[in-house]
Amino acid sequence: MKIAVAALQGAFLEHEKILDRLDIEYFEIRKREDAEKDFDGLILPGGESTTMGKLLDELDLFDILKAKIENGLPVFGTCAGLILLAREISNDDKRYFGTMDITVRRNAYGRQLGSFETTGSFGKTENVPMVFIRAPYIEQTGNGVEVLSVVDGKIVAARQNNQLVTAFHPELVSDYTQIHQYFIDKIVKNTYTDLK
Ligand code: GLN
């Protein structure tokens, strides 16, 4: 099994450290040839969605990655990565991959609560540490979207088939690997065994 990490901008190194802890093989996507390789899952890190969207276009990565996601490639988007996958962004005209049936609000917590930490549940797992940095939240979900986490009445994690998103940053809590483990076990391995 091999995971690709989009290493264009933002917190990709932190995801790689978690994959190291889990002993999962990975490589970075920086250019078109990287995206053309075979891989079993993709991580879209946090950062700035507008910058990432621009780089995906400029580096000719956008179409190939979108097609792979539409064909069922397991993908895990955190924060800006969540925004890249959303079908609608309620306070922005832009739209990126648009492959997941969710409407999100960017920078949704306003200035005062720009960044904060809390704990919450994720599926059946309780006491998950959650770091939010100028985070979005999910305002609406379509059919087939499973809500995995709600904090203060806002949806902050969800899954639709092969796509997993969190508004918080599990990669920023260095000894916490459970959300990545969920992605690998529940999404990547399922697809992997289905296909092979
Ligand atoms: N505010 C950023 C955006 O809109 C997301 C922040 C993050 O990824 N930590 O893209």
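Values quoted throughout were computed directly from the atomic coordinates according to the rules given, and no laboratory measurement underlies them. Being a predicted model, the structure only gives us computed values, none of them experimental. All Cβ positions, glycine included, derive from the backbone under ideal geometry; neighbour counts span all protein chains shown.
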Listed pairs LYS31/LYS68; LYS2/LYS186; LYS94/LYS154; LYS54/LYS186 exceeding 27 Å between Cα atoms: LYS54/LYS186
Given charges at beta-carbon only (K, R positive; D, E negative), |dipole| of the range 33-77 in Debye: 200
Three principal axis lengths of the range 1-94 [C-alpha, angstrom, descending]: 39, 24, 22
Hz values of 3J(HN,Hα) by residue in the range 141-147 - Karplus curve (6.51, -1.76, 1.60), Gly and Pro given as x: 10, x, 4, x, 9, 9, 7
Percent of beta bridges antiparallel (DSSP, the range 62-196, rounded to nearest 5): 75
Compactness of the range 115-196 as Cα Rg over 2.2 N^0.38 Å, two decimals: 1.11
Percent of beta bridges antiparallel (DSSP, the range 66-132, rounded to nearest 5): 65
Percentage relative contact order, the chain, counting C-alpha pairs under 8 Å, at least six apart: 19
Cα Rg, Dmax (largest Cα-Cα span) when computed across the chain, Å: 15.2, 49
Long-range HN-HN contacts of GLN140 with modeled amide H, under 5 Å: THR103
Long-range amide H partners of VAL150 with built H, under 5 Å: SER121, VAL156
